[in-house]
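Trainee: Have a look at the structure that comes next, please.
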């Protein structure tokens, strides 16, 4: 139908306006909650109680105290650090080790290649499940160990297969040429294969990055020390479990200070904001990754 | 290779082993590259799979997974007389069915609406925003809902009060809870689900539409005679995947939204297993429930797939 519109001049009918309106409503339903929380996080107690406009298109009163409160909370600080640690270290380690294994699997003459692939693929269909995995982690003595957050999501068979299919499209002649020039296998991997695969490594890396950033359950499950929980678990405690522990030392209920809700909103905003900032740049990788997966199926 | 080993002379044998040895040596770096993966899969994939054995054991903390006594199918017999299991089973299927009816079509409808938009900028913007929520963790989505739906301070209830109504405790009333589970799932996934349909729509040959235009077909007849029939394969695939997942609820969503007031409608198998195992430390029984759920789920996938294949569509497994 787009083609039709190209031939004639763009002419909007009544139906076009209805469709546009419906889509606009949907887009607003997505933007508004985020905007509302942003405005709430900037509002003061006095502003909210004197305002008769519940929609909060602009902040009621203005203060940045909620953000100061959030960033000065020791739990949010430690949570943020751990989230950044697991995201940065976890994503790099994951991509590095998955790329190594995927590269080896892309060698079509490697003895035992099929066996290895099967060995990895079984995990796509059979998993231990919540409790057996928990007990095994416990028996391995990894409970409450920060490195578990890096180790546990280190490999993912699906991503490995995507990387393997990409590596196998790299012409063999390039490797041969490097080999003749006296490059070792490690050099070939580091200086020929990796530079050629940057786009697909970034694509998979983006996936892993968001998985790490949005993970909270592994932290909640395997960690008992509160100071070792990722930031999402702390936000969960602040907003969903409404634990007062996180609010200690924060004054609320005064006219020029934020309300409890504003502090919660500020907590949500500081975890959403990084996603909002990164999303426009990496969106296309997700779309590409999705189509890549669809082709594989 | 298929020769009788007795007939094979020593030289041949030796050279064969040498050949294999040479090959293994040639690929020694590749095996080193694979080593971390193999170790990881043994520790974090195969050990937990072995751990499923506790479903057939009576786990005690001192003996651990390896040493606990075998009890056969005792844990599984318990499942059938467990009222909480029955409730969780029913809720899981009910919520999944509701999502199948409302959430899956929402992605399709969004894709169809987007495909009708002529203004490319508007189309791109709406699509970008619609996918954004998929990258929010459920902790964040549930937090946003908790703030906005709060009976005293939430914007939704303030509007209801402004219009002269009574505030509703949305997440603590069973009916409303279910409504918000479905709505929030649409909010989170419609844009992402639309992606696969958008790809399918862009694959439909434009000649079909041109021919239809010449024949004087309007928007609706093009929709029902070209777009939808061309999408039937994709729709079928998506439905199979959803049907196969009937027993695996969205743990992240329910766990972050539910509370003791709505347990009767909200508790799904995944949350039940979590509470049984982690809160009540009934490790063996909860593993049995989990295994039962997974086996039925797997059977479901294969059955649905078979039916679809028999009906002449392409399966997914």
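The values are calculated or read from the model by the stated rules, or taken from the named source; none is laboratory data. All figures in this text were calculated on a predicted structure; none of them were measured in a lab. Every residue, glycine among them, receives a Cβ derived from its backbone with ideal geometry; neighbour counts consider all protein chains shown.
Trainee: Among the numbered criteria (1) closer than 22 Å to residue B:98 by Cβ; (2) crowded, with 22+ Cβ neighbours inside 10 Å, which one does residue B:271 miss?
Mentor: Every listed condition holds for residue B:271 apart from (2).
Trainee: OK, next. Here is a list of conditions, (1) touching a residue at least 12 places away in the same chain (Cβ under 8 Å); (2) surrounded by fewer than 20 Cβ atoms within 10 Å (Cβ to Cβ); (3) within 10 Å of chain B (Cβ to nearest Cβ); (4) assigned to a helix (DSSP H, G or I), and residue A:89 meets all of them except one; can you say which number that is?
Mentor: Tallying (1) touching a residue at least 12 places away in the same chain (Cβ under 8 Å); (2) surrounded by fewer than 20 Cβ atoms within 10 Å (Cβ to Cβ); (3) within 10 Å of chain B (Cβ to nearest Cβ); (4) assigned to a helix (DSSP H, G or I), residue A:89 fails exactly one: (3).
Trainee: I need the full set of residues from the stretch B:142-171 which are more than 8 Å from chain A (Cβ to nearest Cβ) and outside any helix (DSSP H, G or I), in order please.
Mentor: The answer is B:149, B:151, B:152, B:154, B:163, B:164, B:165, B:166, B:167, B:168, B:169.
Trainee: When you scan the stretch B:259-266, do you find a residue that is part of a loop (DSSP other than H, G, I, E, B), touching a helix residue (DSSP H, G or I) at 6+ places or on another chain (Cβ under 6 Å) and more than 9 Å from every other protein chain (Cβ to nearest Cβ), even just one?
Mentor: No, the stretch B:259-266 contains no residue that is part of a loop (DSSP other than H, G, I, E, B), touching a helix residue (DSSP H, G or I) at 6+ places or on another chain (Cβ under 6 Å) and more than 9 Å from every other protein chain (Cβ to nearest Cβ).
Trainee: Residue B:121 versus (1) surrounded by fewer than 23 Cβ atoms within 10 Å (Cβ to Cβ); (2) over 30 Å from residue B:296 (Cβ atoms); (3) within 11 Å of chain A (Cβ to nearest Cβ): which is the lone unmet condition?
Mentor: (3)
Trainee: If we scan the stretch B:71-92, do we find a residue that is within 18 Å of residue B:281 (Cβ to Cβ), touching a helix residue (DSSP H, G or I) at 6+ places or on another chain (Cβ under 9 Å) and within 7 Å of chain A (Cβ to nearest Cβ)?
Mentor: No, there is no match, as no residue in the stretch B:71-92 is within 18 Å of residue B:281 (Cβ to Cβ), touching a helix residue (DSSP H, G or I) at 6+ places or on another chain (Cβ under 9 Å) and within 7 Å of chain A (Cβ to nearest Cβ).
Trainee: So, residue B:27, is that one more than 23 Å from residue A:111 (Cβ to Cβ), surrounded by 13 or more Cβ atoms within 10 Å (Cβ to Cβ), more than 27 Å from the chain's Cα centre (by Cα) and modelled with pLDDT under 95 or not?
Mentor: no
Trainee: Here's another thing I want to ask about it. Right, residue B:98: in the same structural domain as residue B:292 (by TED's automatic domain parsing), at pLDDT 95 or above, more than 23 Å from the chain's Cα centre (by Cα) and surrounded by 15 or more Cβ atoms within 10 Å (Cβ to Cβ) or not?
Mentor: Criteria not met by residue B:98.
Trainee: Would you mind finding the one in A:12, A:32 that is within 10 Å of chain B (Cβ to nearest Cβ), free of Cβ contacts under 8 Å to residues at least 24 places away in the same chain and not in a helix (DSSP H, G or I)?
Mentor: One residue alone meets the criteria, A:12.
Trainee: Still on this model: Could you tell me which of the residues B:283, B:274 is touching a helix residue (DSSP H, G or I) at 6+ places or on another chain (Cβ under 7 Å) and free of Cβ contacts under 8 Å to residues at least 24 places away in the same chain?
Mentor: That would be B:274, the only listed residue that is touching a helix residue (DSSP H, G or I) at 6+ places or on another chain (Cβ under 7 Å) and free of Cβ contacts under 8 Å to residues at least 24 places away in the same chain.
Trainee: Among the residues of the stretch A:159-171, write down those that are exposed (fewer than 15 other Cβ atoms within 10 Å of the Cβ) and touching a residue at least 12 places away in the same chain (Cβ under 8 Å).
Mentor: Matches in the stretch A:159-171: A:168 only.
Trainee: Output the number of residues of the stretch A:92-142 satisfying the condition of being within 19 Å of residue B:31 (Cβ to Cβ), within 7 Å of another protein chain (Cβ to nearest Cβ) and surrounded by fewer than 17 Cβ atoms within 10 Å (Cβ to Cβ).
Mentor: Matching residues across the stretch A:92-142 total 1.
Trainee: Would you mind listing the helices (runs of 4 or more DSSP H) fully within the stretch B:42-141 where at least 1 residues are under 18 Å from residue B:247 (Cβ atoms)?
Mentor: Here the list reads B:74-79, B:83-115.
Trainee: Testing residue A:37 on (1) assigned to a helix (DSSP H, G or I); (2) more than 19 Å from the chain's Cα centre (by Cα); (3) outside the structural domain of residue A:270 (by TED's automatic domain parsing), one condition comes back false. Which one is that?
Mentor: (3)
Trainee: Consider residue B:192 carefully, then state whether it is at the interface with chain A (Cβ under 9 Å from one of its Cβ atoms), part of a helix (DSSP H, G or I), out of contact with any strand residue (DSSP E or B) (no Cβ under 8 Å at 6 or more places or on another chain) and under 28 Å from residue B:264 (Cβ atoms).
Mentor: Considered against the rule, which asks whether it is at the interface with chain A (Cβ under 9 Å from one of its Cβ atoms), part of a helix (DSSP H, G or I), out of contact with any strand residue (DSSP E or B) (no Cβ under 8 Å at 6 or more places or on another chain) and under 28 Å from residue B:264 (Cβ atoms), residue B:192 comes out as no.
Trainee: Only one of A:165, A:184 is at pLDDT below 95 and more than 12 Å from chain B (Cβ to nearest Cβ); which?
Mentor: On inspection, the qualifying residue turns out to be A:165.
Trainee: State whether one or more residues within the stretch A:187-201 are under 30 Å from residue A:266 (Cα atoms), in contact (Cβ under 8 Å) with a residue 12 or more places away in the chain and under 27 Å from the mean Cα position of the chain (by Cα).
Mentor: no
Trainee: Please work out if residue A:269 is at pLDDT below 90, outside any loop (DSSP other than H, G, I, E, B), within 26 Å of residue B:188 (Cα to Cα) and under 20 Å from the mean Cα position of the chain (by Cα).
Mentor: No.
Trainee: Suppose the filter is surrounded by 19 or more Cβ atoms within 10 Å (Cβ to Cβ) and farther than 30 Å from residue A:120 by Cβ; does residue A:74 pass it?
Mentor: no
Trainee: So which pairs qualify, if the first residue must be in the stretch B:242-257 and over 19 Å from residue B:107 (Cβ atoms) and more than 8 Å from chain A (Cβ to nearest Cβ), the second must be part of a helix (DSSP H, G or I) and modelled with pLDDT under 95, the Cβ gap must be under 6 Å, and the two must be at least 6 apart or on different chains?
Mentor: Listed by first residue and then by second, the contacts come to B:247/B:293; B:247/B:296; B:247/B:297.
Trainee: Does the stretch A:268-280 include one or more residues that are more than 10 Å from every other protein chain (Cβ to nearest Cβ) and closer than 13 Å to residue A:65 by Cβ?
Mentor: No, because not a single residue in the stretch A:268-280 is more than 10 Å from every other protein chain (Cβ to nearest Cβ) and closer than 13 Å to residue A:65 by Cβ.
Trainee: In the stretch A:38-55, what residues are facing chain B (nearest Cβ under 9 Å) and either free of Cβ contacts under 8 Å to residues at least 40 places away in the same chain or surrounded by 21 or more Cβ atoms within 10 Å (Cβ to Cβ) (or both)?
Mentor: Result: A:40, A:52, A:54, A:55.
Trainee: Testing residue B:65 on (1) more than 28 Å from the chain's Cα centre (by Cα); (2) closer than 19 Å to residue A:119 by Cβ; (3) within 8 Å of another protein chain (Cβ to nearest Cβ), one condition comes back false. Which one is that?
Mentor: Single failed check for residue B:65: (2).
Trainee: Considering only the stretch A:183-228, give the helices (runs of 4 or more DSSP H) lying wholly within it that have at least 3 residues that are within 17 Å of residue A:93 (Cα to Cα).
Mentor: Hits in the stretch A:183-228: A:198-214.
Yes or no, residue by residue, for (1) closer than 30 Å to residue A:45 by Cβ; (2) modelled with pLDDT under 90:
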site: A:148; (1), (2): no, no
site: A:151; (1), (2): no, no
site: A:203; (1), (2): no, yes
site: A:236; (1), (2): yes, no
site: A:241; (1), (2): yes, yes
site: A:249; (1), (2): yes, yes
site: A:253; (1), (2): yes, yes
site: A:257; (1), (2): yes, yes
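Trainee: Which one of A:203, A:265 is out of contact with any strand residue (DSSP E or B) (no Cβ under 9 Å at 6 or more places or on another chain), surrounded by 16 or more Cβ atoms within 10 Å (Cβ to Cβ) and away from every other protein chain (no Cβ under 11 Å)?
Mentor: Just one listed residue meets the conditions, A:203.
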